Amino acid sequence: MAYTVKQVAAMSGVSVRTLHFYDETGLLKPAYYGANGYRFYEEPQLLTLQQILFYRELGFELKQIERILGRADFEKVAALQSHRKVLQKNLARTRTLIETIDKTIKHLKGTKKMKSEEMFLGFSVAAGKDRFGEHIKLGGEPNDCKVSAQDTDGAMCVFEFTGGSCGPRHLHYDQDEWIYVIDGEFQFEVGDKRYRVGTGESVFIPRKVPHVWACVSGKPGKIINVYQPAGKMEEFFRELGKYNGKLYVHEILSFDEFYRLFHDHGMDLLGPPLVGEWKVEDGRIIQIA
């Protein structure tokens, strides 16, 4: 059975304008066009639209979805099973949070006493784990989310990073950053100031101030990294985590793509990392030790 674009819009909740956009960009083409130029969709297109909506719900951008759906090895049933696992995990977390809210309401109304430790059920993240079990690595170095923007309504997010460097010099347009050193010794450059900090010390980095830092202990250090507000840092780290093969992200992306990656997530890429030297060759960043 074929459906018009208006019928698909009505059943899916996606606007006609958005379906036209998906067609124009190649993300979702109709099954065929009528003699009058109208778009018509059949079951394969509806299933593809369903996949697009699932990936959008899980936080993927349209370009990422297009790459995923365009892969030769993409398989709808496997993708649906993967979506189900993620949603089940989120559902379990949501249920725990709802239970915590209900217990707190009863406690505040005086109808049922609540233990102090029960107030924080649903928010505990174990050592070596991250908020959603993603285990994102940046160049092979773990960057675990401990508090998500979802927990704070976007007010802040917190990460535990174990590694050697923040990467290239950059600034955040709209976020303040606070770094607490758990282990190791680090060199910071914040604006025109220089800091050398060790275990138990911290550094505050105001928004719109260029900065760069690196561990100088001779082994990976460990820090707690807080961003306020959360901005798009979780999405940024997820995107970087996709480039965790033999090549670094800056070796895969062109300089313009690398710059745009920072810009699209609320940052400005300003220069090379604190350790090592970069140059641009054939439109790509080359790192020289």
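Tabulated results
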| item | result |
| --- | --- |
| Label point distance in nm, R284-Y195, each placed 7 Å from Cα along Cα→Cβ | 3.6 |
| Burial ranking of peptide ranges 229-241, 19-31 (average Cβ count within 10 Å, highest at the top) | 229-241, 19-31 |
| Ranked order, R196, R207 - accessible area, probe 1.4 Å, largest first | R196, R207 |
| Packing rank of 38-44, 179-185, where each peptide gets the mean count of other beta carbons within 10 Å, highest leading | 179-185, 38-44 |
| Difference of contour (0.36 nm per residue) and Cα-Cα distance, T111 to K29 | 23.8 nm |
| Shape of segment 1-104, Cα gyration tensor, a/c cut at 1.5 | prolate |
| Answer label for Rg and Dmax of the Cα atoms in Å (calculated), chosen among (1) 20.4, 64; (2) 23.0, 71; (3) 17.9, 54 | (2) |
| Highest-fluctuation residue, Y195, Y55, Y33 considered, GNM on the chain with Cα pairs under 10 Å | Y33 |
| Tensor-based shape of segment 145-263 (alpha-carbon gyration tensor, a/c under 1.5 rounded, otherwise prolate or oblate) | rounded |
| Distant-in-sequence amide H partners of M156 (H built 1.01 Å from N, under 5 Å) | A230 |
| Spacing of the two label points (7 Å from each Cα toward its C-beta) at E57 and Q81, in nm | 1.9 |
| Computed accessible area, Y3, all protein chains, 1.4 angstrom probe, square angstrom | 50 |
| Ellipticity estimate at 222 nm from DSSP helix runs (n ≥ 4, -39,500 (n - 2.57)) divided over the chain, nearest 500 | -10500 deg cm²/dmol |
| Segment 120-240, relative contact order [Cα under 8 Å, separation at least 6], % | 30 |
| Carbon and sulfur %, accessible surface of segment 22-82 computed with the full protein complex present, 1.4 Å | 51 |
| Gyration tensor (alpha-carbon) shape descriptor, segment 120-169, a/c threshold 1.5 | oblate |
| Relative contact order (percent, whole number), the chain, Cα cutoff 8 Å, 6+ residue spacing | 13 |
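The values are calculated or read from the model by the stated rules, or taken from the named source; none is laboratory data. Treat the numbers as computed from the prediction; the structure is a model and nothing was measured. Positions of Cβ are backbone-derived with ideal geometry, glycine not excepted, and every protein chain shown enters the neighbour counts. With ligands, DNA and RNA removed, areas are computed over all heavy atoms of the protein, side chains included. Shrake-Rupley method; radii C 1.70, N 1.55, O 1.52, S 1.80 Å.
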